[in-house]
1. LEU25's amide H: which non-local residues (gap 5+, or another chain) put their own amide H closer than 5 Å, with H modeled 1.01 Å from N in plane and none for Pro or chain starts?
2. Kindly sort PHE100, PHE113 by accessible area of their heavy atoms, largest first, with the probe set to 1.4 Å.
3. Quick one: Karplus J couplings for the stretch 50-56, per residue in order, coefficients 6.51, -1.76, 1.60, θ = phi - 60°, nearest Hz, x for Gly and Pro?
4. Counting only the heavy atoms of the protein chains, how much of ARG60 is accessible to a 1.4 Å probe, in Å² to the nearest 10?
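The values are calculated or read from the model by the stated rules, or taken from the named source; none is laboratory data. Everything numeric in this text was worked out from a predicted model, so none of it was measured. Ligands, DNA and RNA are excluded from the accessible area calculation, which covers all protein heavy atoms including side chains. Shrake-Rupley method; radii C 1.70, N 1.55, O 1.52, S 1.80 Å.
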Amino acid sequence: STLLPPRSLLKPPRRAVATMGGAPLDATASADVAAVASRMVTSLATKLDDEWIEQEDHVRVASVAAQAYADAREAGEDDIGRLLMKVGGEMEKLDMGECFVGPWDVANMAAAFLMAENDPEIAALGDNCGCG
């Protein structure tokens with residue numbers, strides 16, 4: 001027979017990302033959304049520059065993604081999956097210019113950024129998080 005630790009020593013899995021019915025939520029306070037959006041611009045543009053080549057279109061595209069995030073949060077949305085959809089929908093309307101990625105690539109990067117912003121363990125994994 002296998003020996004197991006006493007039930008009192010077993011801890012439930014830690015999940016730092018707030019959830020509602022299993023869906024990850026962005027727990028950013030309303031007052032902090034603008035700061036998160038600003039960090040999102042920097043993060044996405046840097047990631048695109050590092051992946052491809054530094055170009056102004058990366059900042060422009062990242063700025064549109066961050067604005068879509070901020071607008072959705074202002075409208076009361078905090079479900080990261082729905083935020084992904086909002087950002088992706090806005091990105092589809094955008095001329096991506098010289099970017100070597102599509103609108104949903106940027107939306108997925110934005111969602112991965114939000115997951116990392118909301119969970120220090122995910123942030124510590126960096127590009128190895130499997131979330132973007």
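1. ALA18, THR19, MET20, ILE80
2. PHE100, PHE113
3. Result, rounded to whole Hz: 5, 6, 10, 8, 5, 7, 4.
4. For ARG60, solvent-accessible area is about 80 Å².
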